[in-house]
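One structure below.
The values are calculated or read from the model by the stated rules, or taken from the named source; none is laboratory data. All of these numbers come straight from a predicted model, not from anything done at the bench. All Cβ positions, even for glycine, are placed from backbone atoms using ideal geometry, and neighbour counts span all protein chains on display. Side chains included, ligands, DNA and RNA excluded: accessible areas come from the protein's heavy atoms. Shrake-Rupley method; radii C 1.70, N 1.55, O 1.52, S 1.80 Å.
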Amino acid sequence: MFPTRLLRSSTVNANEIAHFSRLSAEWWNERGEFSFLHKMNPVRMQFIREKLLETAYDEQPEEAVDAKKVGILEGLDVLDVGCGGGLLSESLARIGARTTGIDASESNISIAQHHASLDPRLASNLTYKHAPAESLLTQSKRYDVVCSMEVLEHVDNPSMFLKTCAELLKPSGHLFLSTISRTPLSYFLTIFMAEKVLREVADGTHTYSKYIKPSELLEFFQLYRSSLPYSVNGDSVQTQSRPWITRLYSGEPTRKEAEVRGMIYNPLSASWVIAPRGAWGAAECNYLFWIRKPALNDTL
């Protein structure tokens, strides 16, 4: 499935945290170290909104969805795992999501808190915590949406990380990831060009062996079953959901279970775009991934 790595009890890699902690002051410099993420952020938000709207139209009357189309995230509990300086967290909070951003780097959280404090409107629905994702599992709170953008390629034990994100979701909740596929093209663009030649990104930011192919994510969620609470004669017990992905058609999941979409950077316009569904080769480098947790009654 995933590349073989040393298994750890935590997903946090101390070297990765130290690397990003050193760069934390750069988070809100739109022309600095994280300029690509600033340009990517609107596309990530677009994907999140579009998928939530799509599932809402599948389940609710069209007029009801149209009425809340602009505020589709309003009132939802959203967790941003590996929030960094808060680029995505602030965007989510500004359109009404009750957002919690967590990061294993204390300096990242300090930067995120400071920047959010500059806008009093964010105080009511944006919270930051210095914490790894697995530390939240002991708490009762679960989320409608969990996002982890450009994080998966930096963690140790990706299987444990994905399970953690999955279990932090409410039944029927949405998991959004963005990461980098492990291909010759991604090595050339993200390491050789971005780090070594153009020096747009600090040397050592990426490790090729930690990149995850879309097919590996699909395989993981074909096998993964989450624990669900179930009541028998008033007693709470645990059962398991169906696999999150029940089947693939020509290598692709059904539209209602999961989706992979490539993200492509256009150097002429200095902007990112989401590739059309099924576009050949579009997910060979950066890509977005969405999957939905089975509902309480989705058991096998």
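Would you confirm whether or not the stretch 86-95 contains a residue that is open to solvent by 20 Å² or more (accessible area, probe 1.4 Å), β-branched (Val, Ile, Thr), out of contact with any helix residue (DSSP H, G or I) (no Cβ under 9 Å at 6 or more places or on another chain) and outside any helix (DSSP H, G or I)? No - not one qualifying residue is present in the stretch 86-95. Checking the stated criteria, residue 104 turns out not to satisfy the condition of being more than 22 Å from residue 13 (Cα to Cα), of a type outside the set (S, T, N, Q) and buried (at least 24 other Cβ atoms within 10 Å of the Cβ).
A search for C-beta distances below 8 Å between a residue of the stretch 19-35 that is more than 17 Å from residue 149 (Cα to Cα) and at pLDDT 75 or above and any residue that is aromatic (Phe, Trp, Tyr) and surrounded by 15 or more Cβ atoms within 10 Å (Cβ to Cβ), counting only pairs 6+ apart in sequence or on different chains, returns 26/34. Of note, residue 265 satisfies the criterion of being of a type outside the set (D, E, K, R), surrounded by 13 or more Cβ atoms within 10 Å (Cβ to Cβ) and either farther than 16 Å from residue 216 by Cα or modelled with pLDDT of 90 or more (or both).
In the stretch 111-130, the residues that are closer than 16 Å to residue 24 by Cβ form Cβ pairs under 6 Å with partners that are open to solvent by 80 Å² or more (accessible area, probe 1.4 Å), at six or more places apart or across chains, as follows: 128/113; 130/106. Filtering 31, 98, 44 for residues that are open to solvent by 60 Å² or more (accessible area, probe 1.4 Å), under 20 Å from residue 173 (Cβ atoms) and not hydroxyl-bearing (Ser, Thr, Tyr) leaves a single hit, 98. Among the residues of the stretch 250-262, those that are farther than 30 Å from residue 30 by Cα and either at pLDDT 90 or above or under 19 Å from the mean Cα position of the chain (by Cα) (or both) comprise 252, 253, 254, 255, 256, 257, 258.
Against the condition of a type in the set (A, V, I, L, M, F, W, C), under 21 Å from residue 245 (Cβ atoms) and modelled with pLDDT of 95 or more, how does residue 126 come out, does it pass?
So residue 126 does not fit the description; no.
Find the residue count for the stretch 147-202, including only residues that are open to solvent by 10 Å² or more (accessible area, probe 1.4 Å), part of a strand (DSSP E or B) and in contact with a helix residue (DSSP H, G or I) (Cβ under 7 Å, 6 or more places away or on another chain). Qualifying residue count for the region: 2.
In the stretch 221-249, the residue that is surrounded by the fewest Cβ atoms within 10 Å (Cβ to Cβ) out of those that are among the aromatic types (Phe, Trp, Tyr) and at pLDDT 85 or above is 249.
Residue-by-condition table, conditions (1) over 21 Å from residue 160 (Cβ atoms); (2) open to solvent by less than 20 Å² (accessible area, probe 1.4 Å); (3) not in a loop (DSSP other than H, G, I, E, B):
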residue: 112; (1), (2), (3): yes, yes, yes
residue: 115; (1), (2), (3): yes, no, yes
residue: 136; (1), (2), (3): no, yes, yes
residue: 144; (1), (2), (3): yes, no, yes
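Within the set 89, 105, the sole residue that is in contact with a strand residue (DSSP E or B) (Cβ under 7 Å, 6 or more places away or on another chain), among the polar types (S, T, N, Q) and at pLDDT 90 or above turns out to be 89.
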